[in-house]
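To start, the structure under review is shown below, and the notes come after it.
The values are calculated or read from the model by the stated rules, or taken from the named source; none is laboratory data. This structure is a prediction, so every number in the text was calculated from the model and none was measured. Glycine gets a Cβ as well: all are built from the backbone with ideal geometry, and neighbour counts include every protein chain shown. Heavy atoms of the whole protein, side chains included, go into the accessibility calculation; ligands, DNA and RNA do not. Shrake-Rupley method; radii C 1.70, N 1.55, O 1.52, S 1.80 Å.
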Amino acid sequence: MDKAYDAAEFWSRDQIEATQAVRLKNVVTRVWNGSPFYRKRLEEAGVTPESIRSIADIERIPFTTKDDLRSQYPLNLVIVPHSKLVRMHCSSGTTGTPTAIAHTQNDLNVWADLMARCLHMVGVTRDDVFQNMSGYGLFTGGLGIHAGAERLGCMTIPAGAGNTKRQIKLVKDFKTTVAHILPSYALILGERLREMGEDPRKLPLRIAVVGAEPYTEGFRKRIEDLFDMKVYNSYGLSEMNGPSVGFECREQNGLHIWEDAYLAEIVDPATGRHVQPGEVGELVMTTLVREGMPILRYRTRDLTTFIPGECPCGRRHMRMGRIVGRADDMFICKGVNIYPQQIEDVIMQFKEVGKNYLITLEDDGLGDLLRVKVEIREECFVEDMRALQGLQQRIARRLKDEILVTPKVDLVQSNSLPVPEGKAVRFKDLRGEK
Ligand code: AMP
Ligand code: ZN
């Protein structure tokens, strides 16, 4: 069995659940006393702190939505004196009022330990050099991951996002063995290196922590093959601190959720009732130990499943599957519900497909037109017209089988699609735009 980072990592189910019951009552008591917003919500639902006796009582507590957090922006949900706050982060949403989360020093310590536990779980040690290739600033993937790597004792390089040449120089000069990187950028980095005549497999990288945006199993394989390293999925959201919420172990079969700190549920998005294990639903999360700004039953909008059964790694913290989509990501084309992930799943199976793609929904005057622009590897783009047309048709046919709508597939040259600084933009609805 792996050595534990701390005692809670290998707690039994009984220990986990007993602790959760105590911590749930505790957090409800604290917001009851400290937050007029939650006090009112709980009173309206007939919930008092005394009435919380077990974790099953969670279902009596009302949900908190993104709009609730916005309505309490910036700091109305803080329940400690503001002088105790030492940091704030925001979610990466690009529209409307952001959601802000404030932390006490104790909150940051707990978060760093949870993050260190994640890295330790996949075999990162103090002898590793850790390069954080994600944006710093308000985004939690910067300072959040950084603190965990430092806490574990890695020499940690705050490289920040983008700038391929500098990233590679740092990797080579400091012999970086572990990187944190967005999936979209990982593929771009690897392919650019190849285009520059370098072999990414020769770099000292052995592990990459990859998350912050959805990606498919096929995408993971691509990154692993490109760099000859292990890729572990990292899930988090700023409302629950950020990274450290869900993290794969070495089995690479589901992400353990640290249940001593986060209480996770999966509900049917329409009814709000718990789904059966193995069924897809919306992840709902409660902070069990956050001091400055606790959040009860947050509707993440992320769709996933709980994986039934025990993980062979010996950890009993439950596992969730890869995020299959966000309730917000789904779009409707010709009356069919489609998730961008379904499209990625198909196109990543074609070896000619390069490092970037973009899905757009347009109005061609007759109705919805689904266009999938796919970058093709440099070496395939020089092939003759017929070969390219054949590829285009094969991709379109396979997509039609998966999503039931025939898309227009455009094969485009490497590096021609836009690359955002932060999270990838995979879908744009251009209907109504001229
Ligand atoms: P933010 O709070 O701005 O960092 O955004 C959090 C959101 O990013 C989550 O609610 C997910 O939708 C998405 N996300 C983060 N990590 C992953 C991951 N490993 N897989 C899929 N989506 C992710
Ligand atoms: Zn495991």
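Quick notes on this structure:
- Looking at 315, 301, 322, just one residue is in the same structural domain as residue 264 (by TED's automatic domain parsing), within 16 Å of ligand 1 (Cβ to nearest atom) and either assigned to a strand (DSSP E or B) or touching a His at 6+ places or on another chain (Cβ under 6 Å) (or both), and that residue is 301.
- Any hit, segment 322-329, residues being surrounded by 15 or more Cβ atoms within 10 Å (Cβ to Cβ), among the aliphatic types (A, V, I, L, M) and within 16 Å of ligand 2 (Cβ to nearest atom): no
- Pairs where the first residue, in segment 302-317, is farther than 17 Å from residue 214 by Cα and touching a residue at least 40 places away in the same chain (Cβ under 8 Å) and the second is within 15 Å of ligand 1 (Cβ to nearest atom) and open to solvent by 20 Å² or more (accessible area, probe 1.4 Å), C-beta under 8 Å, 6+ apart: 307/253; 311/253
- Scanning segment 192-202 for residues that are open to solvent by 10 Å² or more (accessible area, probe 1.4 Å) and not in a loop (DSSP other than H, G, I, E, B) gives 192, 194, 195, 201, 202.
- Screening the candidates 374, 382 for the property of being in contact (Cβ under 8 Å) with a residue 12 or more places away in the chain and among the hydrophobic types (A, V, I, L, M, F, W, C) yields one hit, 374.
- Within segment 364-376, if we keep just the residues that are in contact with a Lys or Arg (Cβ under 8 Å, 6 or more places away or on another chain) and surrounded by 14 or more Cβ atoms within 10 Å (Cβ to Cβ), the residue that is farthest from residue 192 (Cα to Cα) turns out to be 368.
- Check on residue 421, among the charged types (D, E, K, R), part of a loop (DSSP other than H, G, I, E, B) and modelled with pLDDT under 90: yes
- Pairing each residue of segment 96-113 that is open to solvent by 10 Å² or more (accessible area, probe 1.4 Å) with any residue that is β-branched (Val, Ile, Thr), provided the two are 6+ apart or on different chains, yields C-beta distances under 8 Å for 105/86; 108/86; 110/289.
- Within segment 228-270, being hydrophobic (A, V, I, L, M, F, W, C), within 12 Å of ligand 2 (Cβ to nearest atom) and open to solvent by 20 Å² or more (accessible area, probe 1.4 Å) holds for no residue.
- Qualifying residue in segment 230-248 (condition: more than 30 Å from residue 108 (Cα to Cα) and hydroxyl-bearing (Ser, Thr, Tyr)): no
- So residue 86, is it open to solvent by less than 40 Å² (accessible area, probe 1.4 Å) and free of Cβ contacts under 8 Å to residues at least 24 places away in the same chain: no
- Given (1) in contact (Cβ under 8 Å) with a residue 24 or more places away in the chain; (2) assigned to a helix (DSSP H, G or I), number of the condition residue 205 does not satisfy: (2)
- When 143, 138 are checked against the criterion of being open to solvent by 10 Å² or more (accessible area, probe 1.4 Å), of a type outside the set (Ser, Thr, Tyr), in contact (Cβ under 8 Å) with a residue 40 or more places away in the chain and assigned to a helix (DSSP H, G or I), 143 stands alone in meeting it.
- Restricted to segment 26-132, the set of helices (runs of 4 or more DSSP H) holding at least 1 residues that are modelled with pLDDT of 95 or more, of a type in the set (Phe, Trp, Tyr) and away from ligand 2 (no atom under 16 Å from the Cβ) comprises 36-44, 105-121.
- Search result, residues across segment 1-19 that are closer than 20 Å to residue 110 by Cα and surrounded by 14 or more Cβ atoms within 10 Å (Cβ to Cβ): 4, 5, 8, 9, 10, 11, 15, 16, 17, 18, 19
- Of the residues making up segment 281-294, at least one is more than 27 Å from residue 122 (Cβ to Cβ), modelled with pLDDT of 95 or more and open to solvent by 10 Å² or more (accessible area, probe 1.4 Å).
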